[in-house]
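Student: Let me give you the structure first, and then I'll get to my questions.
The values are calculated or read from the model by the stated rules, or taken from the named source; none is laboratory data. The model shown is predicted, which means the values in this text are computed figures rather than measured ones. Here Cβ is always computed from backbone atoms with ideal geometry, including for glycine, and neighbour counts include all displayed protein chains. When the accessible area is computed, the model is the full protein with side chains, heavy atoms only, and any ligands, DNA or RNA have been set aside. Shrake-Rupley method; radii C 1.70, N 1.55, O 1.52, S 1.80 Å.
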Amino acid sequence: MNVTIVDYYSGNVSSVLNSFKEAAKYKPNLNIKIKLSNKLEDIKNADKLVLPGQGSFKNCINSLKGIDGLEEILKEQVLVKKKFILGICVGMQMFADYGEEDGGSEGLGWISGTVKKIKIFPEHADVTKLPHIGWNQVTFFPNGIPIAEKFINRLDQNPHFYFVHSYIFHPKNTENYTRGETYYAGQKFMSAVIKENIIGTQFHPEKSGNDGLLMIQNFLTL
Amino acid sequence: MLKNRIIPCLDVKNGRVVKGINFLGLKDAGDPVEQAKIYSDGGADEICFLDITASNENRDTIYDVVKQTSEKCFVPLTVGGGVRSVEDISKLLNYGADKVSINTAAVENSKVVIDSSKKFGSQCIVVAIDAKKNGDKWEVFTHGGRNNSGIDALEYAKQMEENGAGELLVTSMDRDGTQVGYDIDLMSKISSKVNIPIIASGGVGNLDHLVDGIKLGNANAVLAASIFHYGKHSIKEAKEYLDSKGIPVRI
């Protein structure tokens, strides 16, 4: 199985690469080959894609769209060929229609919604700090959907994952897909999304210890 | 609910741990990679390396340590000590650090924090503040605590937030190494001054000090070195103790 981590110069992706290599060790029969690349050929030949993302929404989407042909080929592989893609942090945020960070920019528009800064409501909040940094719990609502069930297979009821972000994905509620929810500073937000082959996590499975590695293994076996 | 973090810190000199854990069965007590792995397997929420290598010719040893650690530990890794420039930060991140902590350079040249947080994102920029009490205020020290900048620590904390720091690592110079507990007054004052998370450091001697740092000092994370070394307390014990005191931790 070929897995391509899309390298669009979004900052440090060595953690993502290392964690996928580690997770792949547990699935020797899948013969997983992991590549960090932005070559259109490697994206075309991939069975699964990973879209990391660090820093600001605007910088990420601009770098991605700045690589000739990258957005188009990703769109073809994900929306037409229905290959599995895992978006991590800003990688997930870019699935949205629009991100408000740094004056705003258009996203990929694969999942309807807008990415906005976390609002702090001091009167309801247990914490009032931004960024939201540290380990928080995610509650998944797989509702018997096989892909969602497989993605969270062998994890505890409300597993902990490592977060670091100030912006969150506000989905349009007209769409029906599986979500994961997390509570922070007086509100719940969408911390994971599983919409058929498009999967996103606001948290960092690559930095979330054993549960994170388990989730990556689950992704590799989808 | 967000959990409070416990961060063990390892001092690394010329690529070797200076004060380390003295566990039975540890093949090489001076190997930072092996020690970091023990901490992360034991439930540490993050690992911190402080590079105290003095000579320039050995400065590159930390990069190899960071690379190997990031291939074996899958929790966030913060690296500090001797970080002078945006290039240093870039190099550490490329070798696998998730966050870089900046101390002296942040005082001497505000552009380092401004430029690096713009370039790599605030999430990976930690400003380390070494503060020492002088009368009724605290002053920021640089060069591993040797030089007094005379800058007010509270004003400086606010300034660093504005410059783009994602977190502050606050160390009390008065308490560091004393094992009598964090400077709670300093922690709570800085925590209420800024809207970014703060990590308390300096002075931990027992598990109650960790509780105080969070409950009274309003720190979002607690860093400690010596209580986790020599097997005095495990990360697991610390977490269970915090949990018993009603502090949310990841167990």
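Student: Can you go through B:Ser172, B:Ser149 and tell me which one is crowded, with 24+ Cβ neighbours inside 10 Å, within 26 Å of B:Gly82 (Cβ to Cβ) and in contact (Cβ under 8 Å) with a residue 12 or more places away in the chain?
Tutor: Of B:Ser172, B:Ser149, the one residue that is crowded, with 24+ Cβ neighbours inside 10 Å, within 26 Å of B:Gly82 (Cβ to Cβ) and in contact (Cβ under 8 Å) with a residue 12 or more places away in the chain is B:Ser172.
Student: Search the stretch A:165-204 for residues being among the acidic types (Asp, Glu) and over 26 Å from B:Ala221 (Cβ atoms), and hand back the single one that is most open to solvent (accessible area, probe 1.4 Å).
Tutor: Once the filter is applied, the top-ranked residue is A:Glu196.
Student: Also: Which pairs do you get when a residue that is of a type in the set (Lys, Arg), found in the stretch B:119-146, comes within reach of a residue that is open to solvent by less than 30 Å² (accessible area, probe 1.4 Å), reach meaning Cβ atoms under 6 angstrom, with the pair 6+ apart or on two chains?
Tutor: If the second residue must be open to solvent by less than 30 Å² (accessible area, probe 1.4 Å), the pairs left are B:Lys132/B:Glu139; B:Lys132/B:Phe141.
Student: Mind listing whichever residues of the stretch A:17-46 are basic (Lys, Arg) and assigned to a helix (DSSP H, G or I)?
Tutor: Within the stretch A:17-46, A:Lys21, A:Lys25, A:Lys44 meet the criteria.
Student: Can you find a residue that is surrounded by fewer than 22 Cβ atoms within 10 Å (Cβ to Cβ), modelled with pLDDT under 95 and of a type in the set (Lys, Arg) anywhere in the stretch B:223-237?
Tutor: Yes - at least one qualifying residue is present in the stretch B:223-237.
Student: Right, here's the next one. Looking at (1) open to solvent by 30 Å² or more (accessible area, probe 1.4 Å); (2) closer than 19 Å to A:Cys89 by Cα; (3) of a type in the set (Gly, Ala, Ser), which is the one condition that is false for A:Ser105?
Tutor: (1)
Student: Oh, and also: If B:Arg5 satisfies every condition in (1) at pLDDT 90 or above; (2) surrounded by fewer than 16 Cβ atoms within 10 Å (Cβ to Cβ) but one, which is the exception?
Tutor: B:Arg5 satisfies every listed condition except (2).
Here is a yes/no grid of residues against (1) of a type in the set (Asp, Glu); (2) modelled with pLDDT of 95 or more; (3) within 20 Å of the chain's Cα centre (by Cα):
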position: A:Gly69; (1), (2), (3): no, yes, no
position: A:Ile73; (1), (2), (3): no, yes, yes
position: A:Gly87; (1), (2), (3): no, yes, yes
position: A:Glu101; (1), (2), (3): yes, no, yes
position: A:Asp126; (1), (2), (3): yes, no, no
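Each row is one residue, and each column tells you yes or no for (1) modelled with pLDDT of 95 or more; (2) within 29 Å of A:Cys89 (Cβ to Cβ).
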{"site": "B:Gly135", "(1), (2)": "yes, no"}
{"site": "B:Asp152", "(1), (2)": "yes, no"}
{"site": "B:Glu161", "(1), (2)": "yes, yes"}
{"site": "B:Asp176", "(1), (2)": "no, no"}
{"site": "B:Asp212", "(1), (2)": "yes, no"}
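Student: A further question on this structure: Is it true that B:Val18 is crowded, with 24+ Cβ neighbours inside 10 Å and either among the basic types (Lys, Arg) or at pLDDT below 95 (or both)?
Tutor: No.
Student: Give me the pairs, please: first residue somewhere in the stretch B:228-251 and closer than 11 Å to B:Leu207 by Cα, second residue anywhere and of a type in the set (S, T, N, Q) and assigned to a helix (DSSP H, G or I), beta-carbon distance under 6 Å, and either six or more positions apart or on two chains.
Tutor: Matching pairs, first to second residue: none at all.
Student: Separate question: Any chance the stretch A:146-164 includes a residue that's in contact with a Cys (Cβ under 8 Å, 6 or more places away or on another chain), buried (at least 17 other Cβ atoms within 10 Å of the Cβ) and either more than 10 Å from chain B (Cβ to nearest Cβ) or modelled with pLDDT of 95 or more (or both)?
Tutor: The answer is yes, given that some residue of the stretch A:146-164 is in contact with a Cys (Cβ under 8 Å, 6 or more places away or on another chain), buried (at least 17 other Cβ atoms within 10 Å of the Cβ) and either more than 10 Å from chain B (Cβ to nearest Cβ) or modelled with pLDDT of 95 or more (or both).
Student: If you take the residues of the stretch B:89-108 that are in contact with a helix residue (DSSP H, G or I) (Cβ under 8 Å, 6 or more places away or on another chain) and open to solvent by 40 Å² or more (accessible area, probe 1.4 Å), which of them is farthest from the other protein chains (Cβ to nearest Cβ)?
Tutor: Per the stated criteria, the residue is B:Lys91.
Student: Out of the stretch B:117-133, which residues are modelled with pLDDT of 95 or more and open to solvent by less than 60 Å² (accessible area, probe 1.4 Å)?
Tutor: B:Ile125, B:Val126, B:Val127, B:Ala128, B:Ile129, B:Asp130, B:Ala131
Student: May I ask you to verify whether A:Lys48 is surrounded by 15 or more Cβ atoms within 10 Å (Cβ to Cβ), out of contact with any His (no Cβ under 8 Å at 6 or more places or on another chain) and modelled with pLDDT of 95 or more?
Tutor: When the stated conditions are applied, A:Lys48 passes them.
Student: Further question: I'd like the residue in the stretch A:1-16 that is outside any loop (DSSP other than H, G, I, E, B) and within 12 Å of another protein chain (Cβ to nearest Cβ) and, out of all such residues, is modelled with the lowest pLDDT.
Tutor: Looking at residues that are outside any loop (DSSP other than H, G, I, E, B) and within 12 Å of another protein chain (Cβ to nearest Cβ), I get A:Ser14.
Student: Then there's this: Is there any pair linking a residue in the stretch A:54-66 that is on the phi > 0 side of the Ramachandran plot to one that is among the polar types (S, T, N, Q), with Cβ under 8 Å and at least six apart or on different chains, and which?
Tutor: Note: pairs meeting the criteria are A:Gly55/A:Ser10; A:Gly55/B:Gln123.
Student: When the stretch A:96-145 is examined, which residues are found to be assigned to a loop (DSSP other than H, G, I, E, B), within 14 Å of another protein chain (Cβ to nearest Cβ) and among the acidic types (Asp, Glu)?
Tutor: A:Asp126
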